[in-house]
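Note sheet for the following structure.
The values are calculated or read from the model by the stated rules, or taken from the named source; none is laboratory data. Not measured: the values here are computed from a predicted model. Here the Cβ is made from the backbone with ideal geometry for all residues, glycine too, and neighbour counts use every protein chain on show. For the accessible areas, the whole protein counts, side chains as well, though only heavy atoms, and no ligand, DNA or RNA atoms are used. Shrake-Rupley method; radii C 1.70, N 1.55, O 1.52, S 1.80 Å.
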Amino acid sequence: MRCRGRFRSSTGLSAVRSCLLLLIIHMSAPVEARRVRGGRAQTRRVQQQQPEQQRMEGPESFPLDFSAVESNIDNFMVQVKNLAQSLYPCSAQKLQQDMKLHLLKNVSVTCNDGSPAGYYIKESKGSRRWLLFLEGGWYCFSKQTCNSRYETMRNLMSSTKWPQSRRGTGILSAEPEENPHWWNANMVFIPYCSSDVWSGATPKTGHSDYAFMGSLIIKEVVTELLTKGLDKAKVLLLAGSSAGGTGVLLNVDQVAEQMHSAGHRGVQVRGLADSGWFLDNKQYKFTDCLDTISCAPTEAIKRGISYWAGLVPETCRQAHVGEEWNCFFGYKVYPTLKSPVFVVQWVFDEAQLTVDNIHLTGQPVHEAQWRYIENLGQELRSTLRDIPAMFAPACLSHELITRTYWMDIQVKGTSLPRALHCWDRSLQSNLHLNGSHSNHGLKKNRTPPLRGCPLHLIDSCPWPHCNPTCPTIRDQLTGQEMSVVQFLMHMGFDVQKMAQQQGMDPKRLLGMFSNGS
């Protein structure tokens, strides 16, 4: 079919919706569904279902409930995309996937250097779900460290050279194969240019070298988005990675309160904190606080919160009067939050090990370093023990939710997208039980996870990369991939000694590593 003229995006979305509905009707007919897993084919007969007329609220048709096809979700998504594109009137013109840059209209809310802050957005008119993502990228805590940061990482302090568009990946992807449950949401990427872990509220003046306005940037972005459809949202997910993950913990209740104050009490505000759950532990080797990387986490935040005039959640501030820096550490701020938050954290986070002065590249680690790493994993697990919704693989890595491989990582056989979908269903169940339209203040009302839908997922194996689905490790010198056993040997892992401590044969221990046991 030849395309004549340009169709509006709403026309394209309507066509896609029609395609999806046709596919669902088609799939509800008697078919033989074959599922292949681990080299074995399993045959299931899908019973014919009589479609019932349901009254739909406005134009909302997404997100779809994929529970009926979750066992074969990948193939289902491929069929959805192929059918949608084949029936789309101008299939040669691909649906818009890039997020477009918008600088804030309120020019008084700025990046470090005084340039206007902003956000990237990809609107999805058929969806009432919104995902706001806070970018990460460490921080600076003094004039010296900020000057150095400005010279080497200017894009994290200024908007002057930001590109006009960005392509989302992972949970920000518009591809259903890469992002099965959020691909059709309204996507907003908020660049990190305040260097304050999203906590500051002070402008640049004649007496200060830099502005620190991270908290105000979030607030101003939300204000602008209310004019673009956020006021009609059902779900607002505030997500972030690294410093952005910590930013979620510091700001999710503020965003919920902002929505409520604006009269939008029906919006369900939630948080997704990725790789921002840092520990205020003792470093393996103490060093002077000269730069961001070598400075102990506690000392860096103490200096930073003073330099930024950083803000923390009021309930947490009241719990730590005079020591508000405590609120930058997940296990201390989380208990004070009202909004539901899902925590994603690598058990052996590279950024945490870096600030603890443990470096796992180059020379093999010593026995004392190895014990420190094991203890770090145990300490992290203890802080996550009472978190109801979490995903913690025993891998050596940093950040996950925007990685293209985020669907591949599993904990106890469950992937992160699947766990987030379970969390979503659990929260909806909570709302129905409480007879409420908003989940603000319902975090403590925990219901058991839905059957077959685990939420508390943490690896119990004690060593880095003992999970077979961990991201690939490469030798720093050769660039070649390393197996788990090769990686542990590279780090100086003593198989004989560890096997003796575990009371097992060394060959059996190596076999367990190879199989991810």
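Open to solvent by 60 Å² or more (accessible area, probe 1.4 Å) and in contact with a Gly (Cβ under 8 Å, 6 or more places away or on another chain) - does that describe any residue in region 241-261?
no
Check Ala239 against each of (1) in contact with a helix residue (DSSP H, G or I) (Cβ under 8 Å, 6 or more places away or on another chain); (2) aliphatic (A, V, I, L, M); (3) part of a helix (DSSP H, G or I); (4) closer than 29 Å to His398 by Cβ and name the one condition it does not meet.
(3)
Please go through region 189-212 and pick out each residue that is touching a residue at least 60 places away in the same chain (Cβ under 8 Å) and open to solvent by 10 Å² or more (accessible area, probe 1.4 Å).
Listed by number, the residues that qualify are Phe189, Ala201, Thr202, Pro203, Lys204, Asp209, Tyr210.
Looking only at region 163-188, count how many residues are surrounded by fewer than 18 Cβ atoms within 10 Å (Cβ to Cβ) and touching a helix residue (DSSP H, G or I) at 6+ places or on another chain (Cβ under 8 Å).
Selection size over region 163-188: 2.
In region 338-359, which residues are closer than 28 Å to Cys422 by Cα and touching a Cys at 6+ places or on another chain (Cβ under 8 Å)?
Trp346, Val347, Phe348 - these are the residues of region 338-359 that are closer than 28 Å to Cys422 by Cα and touching a Cys at 6+ places or on another chain (Cβ under 8 Å).
Could you tell me which numbered condition Phe189 fails, if it satisfies all but one of (1) under 14 Å from the mean Cα position of the chain (by Cα); (2) not in a strand (DSSP E or B)?
It is condition (2) that Phe189 fails.
Does Ser199 satisfy the criteria of being assigned to a loop (DSSP other than H, G, I, E, B), in contact with a Phe, Trp or Tyr (Cβ under 9 Å, 6 or more places away or on another chain), farther than 17 Å from Gly310 by Cα and among the polar types (S, T, N, Q)?
no
Which one is surrounded by the most Cβ atoms within 10 Å (Cβ to Cβ) among residues in region 301-344 that are touching a His at 6+ places or on another chain (Cβ under 8 Å) and part of a helix (DSSP H, G or I)?
Cys327
Cβ-Cβ under 8 Å, sequence separation 6+ or interchain: first residue in region 140-161 and more than 19 Å from Arg303 (Cβ to Cβ), partner surrounded by 15 or more Cβ atoms within 10 Å (Cβ to Cβ) and of a type in the set (Gly, Ala, Ser). Which pairs?
Note: pairs meeting the criteria are Ser158/Ser115; Ser159/Ser115; Ser159/Ala117; Ser159/Gly118; Thr160/Ser115.
Among the residues of region 277-296, are any touching a Gly at 6+ places or on another chain (Cβ under 8 Å) and within 15 Å of Asn251 (Cα to Cα)?
Scanning region 277-296 turns up at least one residue that is touching a Gly at 6+ places or on another chain (Cβ under 8 Å) and within 15 Å of Asn251 (Cα to Cα).
Quick check, is Cys146 in a helix (DSSP H, G or I) and either at pLDDT 95 or above or touching a Lys or Arg at 6+ places or on another chain (Cβ under 7 Å) (or both)?
So Cys146 fits the description; yes.
Output the residue which, of all residues in region 137-162 that are of a type in the set (Ser, Thr, Tyr) and within 18 Å of Met99 (Cα to Cα), is surrounded by the most Cβ atoms within 10 Å (Cβ to Cβ).
Looking at residues that are of a type in the set (Ser, Thr, Tyr) and within 18 Å of Met99 (Cα to Cα), I get Ser159.
Out of (1) crowded, with 17+ Cβ neighbours inside 10 Å; (2) modelled with pLDDT under 95; (3) in contact with a Gly (Cβ under 6 Å, 6 or more places away or on another chain); (4) not small (Gly, Ala, Ser), what's the single condition that is false for Val347?
It fails just one condition, (2).
How about region 380-417: which of its residues are open to solvent by less than 10 Å² (accessible area, probe 1.4 Å) and closer than 16 Å to Ala239 by Cβ?
Answer for region 380-417, where residues must be open to solvent by less than 10 Å² (accessible area, probe 1.4 Å) and closer than 16 Å to Ala239 by Cβ: Ala389, Met390, Phe391, Leu400, Ile401, Trp406, Leu416, Pro417.
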